[in-house]
Amino acid sequence: MDHQDASKSNFSIQPDTLALKEKARQEGLETIWDRFAAQQPQCGFCELGLSCRICVMGPCRIDPFGDGPQRGVCGADADIMVARNLARMVAAGAASHSDHGRDLVETLLAVAEGKAPGYKLNDLEKLSGLAAEFGMAPDLPPEAQAKELALALMEEYGIKKGFLQFTRRLPAARLEKWAKLGIAPRGIDWEISEMLHRTHMGVDNDAVNLLLQALRSALADGWGGSMIATEVSDVLFGTPKPVASQVNIGVLKKDQVNIILHGHSPLVSEMVAQAAADPALLQRAQDLGAQGINLAGLCCTGNEVLMRQGIPMAGNHLLQELAIVTGAVEAMVVDYQCIMPSVPEMASCYHTLFFTTYDKAKFPKAKHLSFSPENGAAMGRELVSQAVENFARRDSARVSIPAAPQAQVSGFSVEAILAALGGTPGPLLDAVKAGQIRGAVGVVGCNNPKITQDYGHVNLTKALIAADILVLDTGCAAVAHAKAGFKVPEAADLAGPGLKAVCRALGIPPVLHMGSCVDNTRIINLCAALAGALGVDLDHLPVAAAAPEWYSEKAATIACYAVASGVFTVLGVAPPVLGSAAVTDLLLNGLEAHLGAKFAVEPDPLKAAALIINHVEGKRRALGLDAR
Ligand code: SF4
Ligand code: MSK
């Protein structure tokens, strides 16, 4: 196992994970680490990107040592194979986020038409801001505005004549770079389906050309589908504001009905949250001997409801099976993405009910309820009701919640950050110019069993804040940081003297939680706002991104749109591209001349921190600011 921890002895740095993993072992239950071990050695061809099963003349593979075949049956060489594989990965990630965004848009339309009881237009200021951005008349009533906006957002998915609207948030210099490379995104679905077309056998066989379309698909996600998901979620459920909450498996309550919300979308989870406050359901829980109904999040659905409702977070990606091993979970409600197919199997070993809610995301052994905007509120009530009834089936002898919860503060949308600064990015820029804050870095992404859980996130972030670099986080990285205690105002003490002073003055932690995976768009929006205020393109900013423990296709897409937007990005796990020297060189070196940004791969978080600090100081120097 390729642990990044020097001790090489642990699966996780988190005590709750380790305790529950041991409980699973004692109970003879299989977890992700067992399956990971069983897969060793993993395929070296696939790891290098040198295998292809795009058509049934294959599967084919290329010998990286030059002794065996150097072309697939169709004649594809290593460069073509690697580029096609990466391109498909990016397209799949873009499709995932963007389809999630479409679900929000459909619900927005249903709300506007009065067909979605339980949902409402929550943030009217954001709604009218978006309506103005799309050129709508300012004096429309909210429902009419929402309807027009929903229809306009649907257009963003199709064959657009022109450009994706949100790209206009970027400086002109960035758009010119994209135009020169031919990567300005058109319709969201257009870019993704063109990517799949071009990677069919016998279409695009130029590795560079393929990678440019991969960047374009990623931009259609970052400045399209994902951004739509974030913005519409804010309209429907409120733009996040700082909120105190808690994190780790200790947020589950021994004496309450525990319901875990897992996946990525807020559409079902928000309805479950509403239903959990229903006095009749609370009374029923009490009648069955529970003290209340307790909700907890996992992964990015957890991030969505944490950011807006302060619902505590049980854990990140590698904790999803183990949360059930507590024996204290009455129901796990999932929507889609990052939900391991093994989870319902684990649930069946306990009394836990595992509910799927989307017709596009069904699991064997699950109880399925089919979500629509029209039935969401009723479904939320049904889910909570079944969870409450299930409390009676809990076996208290099997319950173990091996942690006390850690406090955290969440809810740092761009709007909330600017509000904390007095309404403009000015004070943040002043602190950067004065050198108190050297720069800002988005530390984002998943867990991956190839890496000791949270070791990469926590050690990278610790080193960055100690170097006076503000960290913005999303996704599973955000959970790791919160568990490490980085998300309370007192964590300012872990920061360097400059960042510490700023955090103290504002009463904020040195690591700001900006949300779920689609909410990486909040980070690039903040970058665009800072670049606009400074009058420079994004690649001039002292900023960077890192995904120390990424696993998913979506993370590959996020990394691509970050780089294409001008943000240097360090990956802790190498993508499957090393089989092509040309593709690897393009990603590590070639992109910079055209986009002002590039990728780096560095598994050691301390070395990654050194790379990033060096980059940030270099950008400061180029801006004429003091550099260390
Ligand atoms: Fe093999 Fe070419 Fe088919 Fe890929 S597309 S499986 S390399 S024949
Ligand atoms: S949930 S994409 S494991 S961050 Fe967004 Fe976590 Fe990665 Fe899924």
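Read-outs: derived from the displayed coordinates by stated rules, not from any lab. On a predicted model such as this, the values are computed, not experimentally measured, just so you know. As a convention, Cβ positions derive from the backbone with ideal geometry for all residues, glycine included, and neighbour counts pool all protein chains shown.
Shape analysis of the stretch 93-137 yields a ratio of the Cα radius of gyration to the Kirkwood radius, Rg/Rh, of 1.03.
A quarter of the convex hull surface defined by the alpha-carbon atoms of the stretch 188-262 gives 8.9 nm² as the mean projection. Normalised by the number of residues in the chain, the average gap of Cα pairs under 8 Å and 6 or more apart makes the relative contact order 17 percent. A simple spin-label model places the labels of K450 and V399 4.0 nm from each other, with each point 7 Å out along Cα-to-Cβ. Using 7 Å Cα-to-Cβ label points, what is the D585/R53 separation (nm, one decimal)? The modelled label-to-label distance comes out at 3.2 nm. In terms of modelled amide H atoms, which long-range or inter-chain residues lie less than 5 Å from the amide H of Q453? It is S12, I13, by chain and number. For the stretch 78-237, the relative contact order works out to 42 percent when only alpha carbon pairs closer than 8 Å and six or more residues apart are counted. What the phi angles of the stretch 392-397 give under the Karplus curve with 6.51, -1.76 and 1.60, with θ = phi - 60°, is a coupling list of 5, 8, 5, 9, 5, 5 Hz, glycine and proline written as x. Straight Cα distances below 23 angstrom link K254 to the lysines K21, K23, K483, with same-chain residues fewer than 8 positions distant left out.
Within the chain, the whole DSSP H helices whose Cα atoms reach 18 Å or more along their own axis and whose mean Kyte-Doolittle score is at least 1.0 are 207-220, 520-534. When each of the peptides 292-300, 585-593, 491-499, 573-581 is scored by how many other beta carbons lie within 10 Å of its residues on average, the order from highest to lowest is 292-300, 573-581, 491-499, 585-593. Amide H contacts under 5 Å for L353: A331, M332, restricted to partners 5 or more places along the chain or on a different chain, H placed in the peptide plane at 1.01 Å from N. If you average the alpha carbon positions of the stretch 62-79 and of the stretch 307-349, how far apart do those two centres end up, in angstrom? The stretch 62-79 and the stretch 307-349 have Cα centres spaced 42 Å from each other.
DSSP bridge analysis restricted to the chain gives an antiparallel fraction near 15%, rounded to the nearest 5. Please report the projected area of the chain's Cα convex hull averaged over all directions, in nm². Mean projected area of the Cα convex hull: 26.8 nm².
Taking a point 7 angstrom from the Cα of L288 along the C-beta vector, which residues in the stretch 366-409 have backbone N less than 16 Å away? Residues 367, 380-396 fall inside that zone. In the structure displayed, which of K487/K598; K177/K241; K360/K487; K160/K241 lie more than 31 Å apart, Cα to Cα? From K487/K598; K177/K241; K360/K487; K160/K241, over 31 Å: K177/K241; K360/K487; K160/K241. Close amide H contacts of L512 (hydrogens built in the peptide plane, cut-off under 5 Å, sequence separation of 5 or more or a different chain): V471, L472, D473. Using equal-weight Cα scatterers in the Debye expression, the normalised intensity of the stretch 249-398 in log10 at q = 0.17 Å⁻¹ is -0.86. Packing-based ranking of 380-389, 49-58 yields 380-389, 49-58, ordered from highest to lowest mean Cβ neighbour count within 10 Å. Relative contact order of the stretch 411-622, taken over Cα pairs closer than 8 Å and 6 or more residues apart, is 23 percent.
From most to least packed by mean Cβ count within 10 Å, the peptides 135-141, 244-250 give 244-250, 135-141. If you take the Cα centroid of the stretch 87-143 and the Cα centroid of the stretch 192-268, the two points sit 15 Å apart.
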